Amino acid sequence: MTFNGKWIQPAEFDGIRPLDVFHRERQALREDLTHPEELKNLHIHFIKAMTVDKVYEKITLRVTADDYYKLKINGIFACQGPAPGYFFCYYWNEYDITKLISSGVNVLDFEVYYQGLINRVWNSGDLRCGMICDIVGSIGGREELICTSDESFSYYISDRWPDKRTFGYATQFCETYDATVTEPALRPVSVNSAPDYIFAEASLSPIKVYEAKPVKTEVLEGGMIFCDFGRETTGTIRLSAKGCAGAKVDIYFGEETEDTSICTRSKMRCNCDYHDIWIMGDANDSFEGYDYKAFRYVTVAPSEGVEITDITVDARHADLRDEDVVLTTDDETLRSVFEICRHGVRCGTQEVFVDCPSREKGQYAGDLTVTGSSYLWLTGDLVTYRKALENQMQSAYIDEGIMAVAPGSHMQEIADYSLQFPIIALREHDFSGDKDFLKRCLDASEKMLATFEVYADADGLLDGVTSKWNLVDWPTNLRDGYDFPMTQPIGPGKHNVINAFYVNAVRCVEKIRDILDIPYEKKYDRLAEAFNKTFYNAELGLYVDAPSSSHSALHSNVLPLYGGFAPRESEGRIADFIVEKGFCCGVYMTFFLLRALCRVGRWKDAYKLITSHAECSWYNMVREGATACFEAWGKNMKGNTSLCHPWASAPVTVLIEDICGWRPDGTRGENHAPAGVDVDVRWFKR
């Protein structure tokens, strides 16, 4: 993609070179790479009065900004974006804005937000800031340029967002908005004469944004208004009020209620303090939040004499429609479990697959294995999924072993997650059949495996993968007593889970080579044999956690069964062991557990686990009031539990594909569901 426009930025960024924020997790940033505090949390308005003096059949906007933009045309919201990306493959959007443009002068107001924090959300904190756009009109199949970003734009940096408090993992600034502050005068923009962005070849569809109203509103003591939006919601607030200049309105968001005067638990379990403040500028005024939050409840607390006249949320998430996948069942447990998982995926798919839309907002590779598969089954949308794979491959710019969060300026590496890249590559091919893309994924997979091979012993197994965090499962209290010291960095010695993921990664890479008809030296059979020799205890008929251990954790037995390299004669014993244990693991590991059971024909057991009413179950989330799947089995099972975490959505894939028999190509195999249970995947028919 090549823009006609210039990259425009505030003059405050003149002469500033971008900071190189990319590094290995245990490699410190250079001390001279400091970020000015005054250049954080900036709301920059790029303004242009654009004259349209022809009648066009269509008017198209092509635009991107760093970190993010929201555009109003003649005061009406038009669009927002882009999806987070690395500067060397920066994403952009294309919109049909014909209906928003009138004959004569049209005022464009791009509110570009530069956060300036190092976190999992954007590639911010690197001092790359600004925007670029083209607006073209079409007449008779021919395009002509109407407007483009250049020196004719003006800008100001709003002084109305003074708050420097952050929450989550430095994820977001608190949004105090003081409308009594007079905005600065417009200034000429600066043009970056040598921007280093490389733009993606094609535009990405924007996130779905729509108006949502509370399903229940209650007036509390003192004129406070309590709103229930009915279920987990991701979005930004819009308020209108009557009062006077300087009047204060407190806004509290939360995923839960509590027995306090404000009713909304704004100091959330996930370490987000969702309390914003609006200071009115006029007797009739309105407020719009900028950055999205995850919540169900909102309490608006106006000062005396203020009347709140409207409360609306601009909800935003993936365009995931319930009618695309229809579950038929009289099993209310199954119905409730499926719906919290579906809605968790909906809210957790922003412009990336976020691990949670509150505390982190980052696209984690391991979460992607689960969430991405659920999303494909619920939507059939390969664009968002493929972008996620692209982001992981792009992270090889930092480390060919693949980063745990991609994109994003927070550097984190998790060995278990890197080794799952071939799984998600094959999943993409299952749905697309695209061998060219699979070949690119193969190249990235083999480079990734090469970074692990340096830890291989004489048998080819991994010993002491110190370069990355060895996770096993999360939270730590749900590792089922895994008998290996999980220090960071990990110490010397071989342990089961990391090697099971490694053996499975090699298996997947060889499968990819078979699909592509590329010859190779076979390693999988030898590695599987070495793994079984090292970790399989024939007397127990189970796997142990480490060569010197006699302990058999659930995780140590799930992964060999999932990967298909457990001895055939042991599969029944291992499956029995898994069923007996139940979910003494985190929700993330259930994806592998349930699919392992289904792989050996234990569909009824998988169904029983999905619909279990035990303490560690999806129904326990429902019992605790979930409308989206949680980060852990219950609110108190993890110290900072997010109440919307789509890595818990394993039942979506397992029910549709493994139990009901649907295949990614739209055909259907044997249905193993109980009588009266069926799933209709209707997007296949479009």
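Laboratory data are not the source of any read-out in this text; all were calculated from the coordinates shown. Since the structure is predicted, the reported quantities are computational estimates derived from the model, not experimental observations. Note that we place each Cβ from the backbone using ideal geometry, even for glycine, and neighbour counts take in every protein chain shown.
The figures follow:
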read-out	value
Spin-label pair ILE198/ALA538, simplified geometry with 7 Å Cα→Cβ offset, distance in nm	5.4
Label-point gap, in nm, between ALA170 and ARG440 - each point 7 angstrom along Cα→Cβ	3.2
Gained length - LYS248 relative to TRP683, 0.36 nm times residue gap less alpha-carbon distance	151.8 nm
Options (1) 50; (2) 64; (3) 56 - which one matches percent of Cα pairs over 31 Å apart as calculated here	(3)
Dipole magnitude (debye, nearest 20) for the chain, charges at Cβ of Lys, Arg, Asp, Glu	840
Degrees between helix 332-348 axis and first principal axis of the chain (Cα, 0 to 90, nearest 10)	50
Residue among LEU320, GLY235, ASN119 farthest towards the positive dipole end of the chain, charges placed on Cβ	LEU320
FRET efficiency, 1/(1 + (r/R0)^6) with R0 35 Å, evaluated for SER303 and VAL107 via beta carbons	0.60
Segment 322-685 - Rg and Dmax from Cα coordinates, angstrom	19.1, 55
Difference of contour (0.36 nm per residue) and Cα-Cα distance, ILE139 to ASP310	57.4 nm
Segment 210-317: C-alpha pair distances exceeding 19 Å, %	38
Distance in nm between pseudo-label sites at GLU453 and ASP330 (7 Å out along the Cβ direction from Cα)	5.8
Distance-filtered residues of segment 617-631 - backbone nitrogen under 15 Å, label point 7 angstrom along ASN640 Cα→Cβ	631
Computed Kirkwood radius, in angstrom, where 1/r is averaged over Cα pairs of segment 8-158	16.7
Nearest-0.05 FRET efficiency for TYR210 and GLU151, computed from C-beta distance (R0 41 Å)	0.70
Enclosed volume per residue, in Å³, of the convex hull spanned by Cα atoms of segment 591-681	110
Calculated FRET efficiency for the pair ASP430/GLU569, C-beta based, R₀ 35 Å, to 0.05	0.75
Total formal charge among the other residues, if their Cβ is under 10 angstrom from that of TYR210, Lys/Arg +1 and Asp/Glu -1	-1
Value of [θ]222 nm, deg cm²/dmol, for the chain, DSSP H segments ≥ 4, -39500 (n - 2.57) each, nearest 500	-7500 deg cm²/dmol
Cα-based helix-to-principal-axis angle, 496-516 vs the chain, degrees rounded to 10	80
The chain, relative contact order [Cα under 8 Å, separation at least 6], %	12
Net length gained if the chain between HIS551 and GLU615 were fully extended (0.36 nm per residue, minus Cα distance)	20.7 nm
Positive dipole terminus of segment 8-158, leading residue within SER152, GLN9, MET131 (C-beta point charges)	MET131
